[in-house]
Amino acid sequence: MIKESKVGERIRMYRERLEMSIADLSAKSGIGEDIVKSVEAGEVIPALGVLTRLARALGQRLGTFMDDQFKPDPIITRAADLEAARVAGEGMNEFGYASHSLAIGKPDRHMDPFRIEFSADGSDVGESSHEGEELIICLAGEVELTYGGEKTILKAGDTAYYNSVVKHSLKAVGGKPASIYGIVFMPF
């Protein structure tokens, strides 16, 4: 689970190291100043798309803002721990989904894998667009992938692999919650 106060602190630290104002970061990332301020203050858990754009604008990988400590390889994430977080509703944000990093503690990674839980209400998580590639593996429920102007429904076991520079978004459909594994690769 992302600890929002640490995320905000780290974003502010990297922004200040680069001698960027909040307005500079907002302009470079395309994220509104009010959202940047709220994230830095620890008032909101940023959506993955927002965090990805902030990371790119700061010249950092996504995991830089989520890792709390180093762990030696291999990084093991137990299904029971993910299920406990899901049942407790941990990490659910205002966009109707919760993301759980599967690589916390691995600072030298080149991919950012997540388990993402979508609420049943079909909330749109917002569009994202960034350099790199993504692999989505639908675990349960039905997920609608909007890629460019095209919509595709993914069911349990279905996958989608795409260039993430094209605008894309995901949401649960069918009136039931859904879950996916999402792996994000962003080259530097």
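Going through (1) buried (at least 17 other Cβ atoms within 10 Å of the Cβ); (2) among the β-branched types (Val, Ile, Thr); (3) modelled with pLDDT of 95 or more one by one, Thr152 falls short only on (1).
Filter the range 169-188 down to the residues that are more than 13 Å from the chain's Cα centre (by Cα) and not small (Gly, Ala, Ser), then identify the one that is modelled with the lowest pLDDT. The residue in question is Phe188. Taken over the range 107-138, the residue count meeting the criterion of being in contact (Cβ under 8 Å) with a residue 24 or more places away in the chain and over 17 Å from the mean Cα position of the chain (by Cα) is 3. Would you pick out the residues in the range 155-165 that are hydrophobic (A, V, I, L, M, F, W, C), at pLDDT 95 or above and under 21 Å from Asp112 (Cβ atoms)? The answer is Ala160, and nothing else. Scanning the range 1-52 for residues that are within 23 Å of Lys171 (Cα to Cα), in contact with a Lys or Arg (Cβ under 7 Å, 6 or more places away or on another chain) and hydrophobic (A, V, I, L, M, F, W, C) yields one hit, Ile31.
The values are calculated or read from the model by the stated rules, or taken from the named source; none is laboratory data. None of these values were measured; they are calculated from a predicted model. Methodologically, a virtual Cβ is constructed for each residue, glycine included, from the backbone with ideal geometry; neighbour enumeration extends over all protein chains shown.
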